[in-house]
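The values are calculated or read from the model by the stated rules, or taken from the named source; none is laboratory data. Values in this document were obtained by computation on a predicted structure and should not be read as measured data. With ideal geometry, Cβ positions are generated from the backbone for all residues, glycine too; neighbour counts draw on all protein chains shown. Each accessible area value is taken on the protein alone, full model and side chains, heavy atoms only, with ligands, DNA and RNA left out. Shrake-Rupley method; radii C 1.70, N 1.55, O 1.52, S 1.80 Å.
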Amino acid sequence: MQEKNDFFISGLVQDDKENNDFIQLLSQEEEDEMNRESIPDTLPILPLRNTVLFPGVVIPITVGRDKSIRLIKDANKGSKIIGVVSQKDSTIEDPNFHDLNSIGTVAQILKMFRMPDGNTTVIIQGKKRFVLGECQAIEPYIKAQITALPEGKVKKDEEVTALISSIKDLSFQIVELSPNIPSEAAFALKNIDSPTFLVNFISSNLNVDLKDKQNILEVMDFKERAGKVLEFLTKELQYLQLKNEIQTKVRTDLDKQQRDFFLQQQIRAIQEELGGESPDRELENLRERGAKKKWAKNIHEAFNKELDKLQRMNPMSPDYSVSLNYVQTLIDLPWGESTKDNFDLKRAQKILDKDHFGMEKVKERILEYLAVLKLKGDLKSPILCLYGPPGVGKTSLGKSIAKALGRKYVRVSLGGLHDEAEIRGHRKTYIGAMPGRIIQNIKKGKSDNPVFVLDEIDKVGNDFRGDPSSALLEVLDPEQNSNFYDNYLELEYDLSNVMFIATANSLDTIQPALLDRMEIIEISGYTLEEKVEIAKKYLIPKQRTFHGLKTKDFNLTDKAIVKVIEDYTRESGVRGMEKKFSALARNVAKTIVMKETANKVLNEEDVIRILGSERMEKEIYQDNDVAGVVTGLAWTPVGGEILFVESSITKGSGKLTLTGKLGDVMKESAITALTFLKSHCAYLEIDPEVFDSYDIHIHVPAGAVPKDGPSAGVTMLTSLASLFTQRKVKPFLAMTGEITLRGKVLPVGGIKEKILAAKRAGIKEIILCEQNRKDIEDINPDYVSDLQFHFVKNMLQVLDYSLLDEKVAKPMKLIVNKKEKEATVVKMQ
């Protein structure tokens, strides 16, 4: 309801005796009597600028215009009856007859008095509606003919009763919600029993535009007029409810802030009393630490900007902890704080040799880097990738390199990493955000030039969250990593001084662009002799220390060590072997504590007694007198193995069957071998017609193990040639190599692992591609002194070396039954 008329509403209920003689609430009887009063046909017309007068309603108006003052004075001396009409445009200072609305209200002057400021105020009460007729005069004020509009009798049916009830309910709610309307106004509304006067009274006090009030006045039908009033009341109530909700929410938030501020002051007082740091003191300490840092200008600006932001924040807000973590990260990062490299190459060589056996290439590369760094004084750190089977010491080598260089050592495992944010970090806008793994570990190492091991880089995954290996491209590129951008820091960090060492078991799963950025150093598996030396120099002394044993308490004979290696482990590295030595050491420790008698130097029998029966079946060459069986060499992620290729034929139509869970590449090698054999059957004295009369079956044992790769090509061809010629293969011979349709033998990988497997199996001769000769030259000659190598360029050389002249049976031929004029198999000669 309209607050500007609250003077009138409050006047209805106040006890001022001066006003009690003219402020009245109309009863139904008084309203009926007022409607029966006669009204003159011509009345002086008083234009109203800012309000509309409704029948029965008493309002005060301030008269300021000369014409209006004269009209009021003349009327007050006479009948006191005037016509009141609102202006169409309230901005017109001196309205004429045409500037007035057509419908107005007959009014009676109740009282007139002069205010202290000199203005004239008059109290008037509406009587009836009227329609303006012809204008009778303009001077000294407007006079016009009027036609009174009768107020019809309101029938109190259900609809009228519901309307009146709704209007009263809404009015009561508005009075209750509006702080500027006194609560006594509800009492006045409750005492109005006339529906017409109630609607007029509320219409006069509605908080709506002048135009809307005039529209209500002009509606003659009571129900329609009451409906419009109800509509405006509903809008007003909704507005007040929304206003109160907003005020309540603001008040609640303000109360909570005041409460938090009060509690925070108490916390600060308690912290200071207990000797702890208040948030302000903590920020001041951070600023002092930041001032001592040798930062670039942009880092100083970012740090101080974040600190200024923290000082304006409430320490209890969630954003405070986010910003505080950020500035603490900036402080803790080693910007330009490096450790000094130790350039004593002999010392570095000694440390590397002490910690790891072999690995000459890696050690040589580290010493080269140190030498160049010593000469030049400034050199970007290399990015190495140590590639080899599990357990050969790739990860532990990183720690030895750090020790040799005198640098800090940090390591991060990339196995199973799927989220790019793990490398680049999260945006610090998120609660719980943190830098990526790279920056976190640099911070942990407290140096900007550590030896940083990226373990299992070949096992990085990718999914909908991003591709971490793509994020690593920037980290591992010497041309880019000087400006590495972490999403959390939102600043560039220099990684060019970090020596990154990645480790991998396989290069196949590493992204090509990432592989191109690293210097690949292959670390192959250990020979039996190397493993024995590693056991003596490193593993057994390590287990003594770990189990609290003395040198005299725990030792093994060379044969016992070999027994552990050959019968209880099958690996390229030494991880499994170390576990077996740990089991032996535990048993010795138990016997010492229980004061049992035991050998001080364990022999083969002791190994069997403690570890149990042999766990591994030896890969021993199987000599036989059957044609079609050849020994091949294979590479696996855990080292080399020997495998046997078996061929057999049955009567049929030339169908080729391959079994043993072979991959596509291996199947294609078999098809290539058969095609080459068919094209060179004359060289091997094989009847070409037998290929169409027999079905061929090639099988590779260990059928549950998947097998693939091109290196079994020469083995399959030799097996087929041996089968069809019935010539045995030379004993203790193994081979590996890829073949082509032209009969060329191509080089393959994993040569060292394959040779170690051949040696373990008792092989004495090995056939390799001529181009693999360089791989043999890289192996210590002492380890291969008892092996004989045959280097070939084509398949005919392989067959000449491998097939003996001695035949198990006669070569396969067909005898054609000329009488029937068709080729059929009669017998095998």
Residue in the stretch 143-160 that is most open to solvent (accessible area, probe 1.4 Å), counting only those that are at pLDDT 85 or above and of a type in the set (Val, Ile, Thr):
Thr147
Selection from the stretch 759-789 of residues that are more than 19 Å from Glu566 (Cα to Cα) and of a type in the set (Val, Ile, Thr):
Ile766, Ile767, Ile776, Ile779
Could you tell me whether any residue of the stretch 109-121 is open to solvent by 20 Å² or more (accessible area, probe 1.4 Å), at pLDDT below 90 and of a type in the set (Ser, Thr, Tyr)?
no
Could we say that Lys403 is among the basic types (Lys, Arg), open to solvent by 40 Å² or more (accessible area, probe 1.4 Å) and at pLDDT 80 or above here?
yes
Test: residue in the stretch 291-306 that is among the basic types (Lys, Arg), open to solvent by 60 Å² or more (accessible area, probe 1.4 Å) and outside any helix (DSSP H, G or I)
yes
Residue under question is Ala348, and the condition is that it be over 24 Å from Ser413 (Cα atoms), touching a helix residue (DSSP H, G or I) at 6+ places or on another chain (Cβ under 7 Å) and open to solvent by less than 10 Å² (accessible area, probe 1.4 Å); does it hold?
yes
Against the conditions (1) under 18 Å from Arg411 (Cα atoms); (2) modelled with pLDDT under 85, where does Pro450 fall short? Just the number, please.
(2)
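One line per residue, one yes/no per condition, for (1) at pLDDT below 80; (2) open to solvent by 20 Å² or more (accessible area, probe 1.4 Å); (3) within 27 Å of Ile696 (Cα to Cα):
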position	(1), (2), (3)
Val593	no, yes, no
Glu604	no, yes, no
Asp625	yes, yes, yes
Val630	no, no, yes
Val638	yes, yes, no
Looking only at strands (runs of 3 or more DSSP E) that lie completely in the stretch 686-754, which have at least 3 residues being of a type outside the set (Ser, Thr, Tyr) and open to solvent by 30 Å² or more (accessible area, probe 1.4 Å)?
694-699
Could you go through the stretch 460-471 and let me know if any residue there is within 30 Å of Asn342 (Cβ to Cβ) and not in a strand (DSSP E or B).
no
Filter the stretch 325-341 for residues that are of a type in the set (D, E, K, R) and open to solvent by 30 Å² or more (accessible area, probe 1.4 Å); the one that is farthest from Gly425 (Cα to Cα) is Lys340
Is there a residue being on the phi > 0 side of the Ramachandran plot, buried (at least 22 other Cβ atoms within 10 Å of the Cβ) and not hydrophobic (A, V, I, L, M, F, W, C) anywhere in the stretch 413-423?
no
Of (1) within 19 Å of Arg70 (Cα to Cα); (2) modelled with pLDDT under 90, Ile82 satisfies every one except (2)
Do we have any residue at all in the stretch 781-799 that's in a helix (DSSP H, G or I), crowded, with 21+ Cβ neighbours inside 10 Å and more than 57 Å from the chain's Cα centre (by Cα)?
yes
Return the residue satisfying two criteria in turn: it lies in the stretch 477-525 and is exposed (fewer than 14 other Cβ atoms within 10 Å of the Cβ) and in contact (Cβ under 8 Å) with a residue 60 or more places away in the chain, and of such residues it is nearest to Gly432 (Cα to Cα).
Glu490
Here the qualifying pairs (Cβ atoms under 6 Å; residues six or more apart or on different chains; first in the stretch 592-615 and over 23 Å from Pro541 (Cβ atoms); second among the acidic types (Asp, Glu) and in a helix (DSSP H, G or I)) come out as Glu614/Asp567
Positions within the stretch 148-199 being charged (D, E, K, R), within 15 Å of Arg225 (Cα to Cα) and without any contact (Cβ under 8 Å) to a residue 12 or more places away in the chain, in sequence order:
Lys153, Lys155
Considering every residue within the stretch 201-219, establish whether at least one is acidic (Asp, Glu), touching a residue at least 12 places away in the same chain (Cβ under 8 Å) and over 24 Å from Gln28 (Cα atoms).
yes
Tell me, please, whether a residue that is in contact with an Asp or Glu (Cβ under 7 Å, 6 or more places away or on another chain) and in contact (Cβ under 8 Å) with a residue 60 or more places away in the chain can be found in the stretch 360-378.
no
Could you check how many residues of the stretch 307-341 are of a type outside the set (Ser, Thr, Tyr), modelled with pLDDT under 80 and assigned to a loop (DSSP other than H, G, I, E, B)?
4
Whichever residue in the stretch 161-186 is open to solvent by 50 Å² or more (accessible area, probe 1.4 Å) and not in a helix (DSSP H, G or I) and, among such residues, is nearest to Asp94 (Cα to Cα)
Asn180
Does Asp212 meet the test of being within 16 Å of Phe232 (Cβ to Cβ), of a type in the set (Asp, Glu) and touching a helix residue (DSSP H, G or I) at 6+ places or on another chain (Cβ under 9 Å)?
yes
Considering only residues that are surrounded by fewer than 19 Cβ atoms within 10 Å (Cβ to Cβ) and of a type in the set (Lys, Arg), which ones fall in the stretch 571-591?
Arg575, Lys579, Arg586, Lys590
Based on this model, can you work out whether Gly416 counts as modelled with pLDDT under 85 and either closer than 30 Å to Tyr488 by Cβ or small (Gly, Ala, Ser) (or both)?
yes
Out of all the residues in the stretch 738-758, is one or more within 21 Å of Ile642 (Cα to Cα) and polar (S, T, N, Q)?
no
List every residue pair whose Cβ atoms sit under 7 Å apart, with the two residues 6 or more apart in sequence or on different chains, where the first one lies in the stretch 83-107 and is closer than 20 Å to Pro140 by Cα and the second, anywhere, is at pLDDT below 85.
Val106/Ile39
If we keep just the residues of the stretch 526-554 that are touching a residue at least 24 places away in the same chain (Cβ under 8 Å) and open to solvent by 60 Å² or more (accessible area, probe 1.4 Å), which is nearest to Lys590 (Cα to Cα)?
Gly548
Index of the failed condition, Met616 passing every other in (1) at pLDDT 85 or above; (2) aliphatic (A, V, I, L, M); (3) within 26 Å of Asn505 (Cα to Cα)
(1)
I'm checking my understanding of the structure. Among residues of the stretch 62-73 that are surrounded by 14 or more Cβ atoms within 10 Å (Cβ to Cβ) and touching a strand residue (DSSP E or B) at 6+ places or on another chain (Cβ under 7 Å), which one is nearest to Met115 (Cα to Cα)?
Val63
